[in-house]
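Report on the following structure.
The values are calculated or read from the model by the stated rules, or taken from the named source; none is laboratory data. Remember, it's a predicted structure, so these values are computed and weren't measured experimentally. What goes into the accessible areas is simple: the full protein's heavy atoms, side chains included, and nothing from ligands, DNA or RNA. Shrake-Rupley method; radii C 1.70, N 1.55, O 1.52, S 1.80 Å.
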Amino acid sequence: MIPRAAIVGVGGLGAPAAVALAHVGAALSLFDPDRVELSNLPRQPVYGHDDIGHEKAARAARRLRQTHPNADVSAHMTAVTRENGADLLRGHRVIVDATDGMEAKVLLNELAVELEVPLVHAGVLALDGQLMTIVPRRSACLRCLFVELPPQDEMPSCQQAGILGPIVGAVGLASAREAYALLRGEAAPLENQLAILDGAALRWRHIQLRRNPRCPACA
Ligand SMILES: [Zn+2]
């Protein structure tokens, strides 16, 4: 059986990641409760005008099957929540976090640790992107970095802070590279490393990480 990747969020990050992973023959599960909006089109290249108003996951899967008729792609028009998350994500070889907002990212981190499924964390805000890969119980997780979380209303989402299409696309494609390594059973380049893309200077820098014994998720 081809190892399967779960892509949570098929927007600016998840759409390019899904295309790249479909190109290398990965089996994919796409999760997104949203519908395509006009404003999505500039940075979400799997959708066109005829997709507006339709469910993202279904339309992205349809587009991938048009390019790759044998592709094994399933579409789930649902949000991943605390209640359904374990059932939806269990059995995947890797989870790609392509969501928007810290709450969803913290939840996916928890689920990945709980299920012991590697997680590629990707995020973009304004001109900056970040990426890291979490191999549960082996490498630092998101909460190893953020033991305390800022209050919900102090964390801007992409919708509030805005994002730049080319930057989100670059981070989305880089997340596919991480997932590809894990699908092949290889070490991901960004295990125990936080890669930060400075979109203004177009420079990546890397911060070495280690597991935090006070981590509320994986310690
Ligand atoms: Zn941790």
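Some notes on this structure:
- Fluctuation leader among Ile95, Ile134, Ile207 - the chain, Gaussian network, Cα springs under 10 angstrom: Ile207
- Centroid-to-centroid separation of the range 7-29 and the range 186-211 [C-alpha atoms, Å]: 20 Å
- Within the chain, percent of DSSP bridges classed antiparallel, to nearest 5: 50 percent
- The chain: DSSP helices with Cα axial extent of at least 18 Å and average Kyte-Doolittle hydropathy no lower than 0.0: 102-115, 165-183
- Element breakdown for the chain at a 1.4 angstrom probe: carbon and sulfur atoms account for 51% of the accessible area.
- Solvent-accessible surface ranking, highest first, for Thr81, Thr133 at 1.4 angstrom: Thr81, Thr133
- Of Ala86, Ala98, Ala17, the residue with the greatest mean-square motion in the GNM of the chain, using alpha carbon springs below 10 Å, is Ala86.
- Relative contact order (%) - criterion: Cα under 8 Å, at least six apart; region: the chain: 22 percent
- Over all distinct Cα-Cα pairs of the range 1-150, the Kirkwood formula returns a hydrodynamic radius of 15.6 Å.
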